[in-house]
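Undergrad: Encoded as structure tokens, here's the structure I'll be asking about.
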Amino acid sequence: MHRDQLIARKQEVIAQIQRIRRELERERALGRPGARLEAQLDALMAEEARLRLAIDRSPRG
């Protein structure tokens with residue numbers, strides 16, 4: 001993946017993380033377990049970290 005693609009994907013992942021966090025907060029407010037959402041959040045956060053490293057290691061423009 002090129003640097004621009006990595007950055008674009010990272011932005012998508014960050015948006016998904018924010019959406020999942022809001023959804024998880026709603027579920028918790030309703031007293032529902034959020035194990036599925038927590039697992040999704042963990043996976044997205046791991047992907048974001050991998051993307052951050054890949055961006056740092058990729059050649060600039």
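Here, each number is a calculation from the coordinates, and none is a lab measurement. Just so you know, these numbers come straight off a predicted model, no measurement behind them. Here the Cβ is made from the backbone with ideal geometry for all residues, glycine too, and neighbour counts use every protein chain on show.
Undergrad: All but one of (1) free of Cβ contacts under 8 Å to residues at least 24 places away in the same chain; (2) aliphatic (A, V, I, L, M); (3) surrounded by fewer than 14 Cβ atoms within 10 Å (Cβ to Cβ) hold for Met1, so report the exception by its number.
TA: Every listed condition holds for Met1 apart from (1).
For every residue, the table says whether it meets (1) among the β-branched types (Val, Ile, Thr); (2) in contact with a Gly (Cβ under 6 Å, 6 or more places away or on another chain); (3) farther than 30 Å from Asp4 by Cβ.
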{"site": "Arg19", "(1), (2), (3)": "no, no, no"}
{"site": "Glu27", "(1), (2), (3)": "no, yes, yes"}
{"site": "Leu30", "(1), (2), (3)": "no, no, yes"}
{"site": "Asp42", "(1), (2), (3)": "no, no, no"}
{"site": "Arg50", "(1), (2), (3)": "no, no, no"}
{"site": "Arg57", "(1), (2), (3)": "no, no, no"}
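Conditions (1) surrounded by 14 or more Cβ atoms within 10 Å (Cβ to Cβ); (2) without any contact (Cβ under 8 Å) to a residue 24 or more places away in the chain, marked per residue:
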site: Glu23; (1), (2): yes, yes
site: Arg26; (1), (2): no, yes
site: Arg36; (1), (2): no, yes
site: Glu47; (1), (2): yes, no
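Undergrad: Further question: State which residue is farthest from Ala8 (Cα to Cα) when the search covers only the range 38-61 and only residues that are part of a helix (DSSP H, G or I) and more than 12 Å from the chain's Cα centre (by Cα).
TA: Within the range 38-61, the match that is farthest from Ala8 (Cα to Cα) is Arg57.
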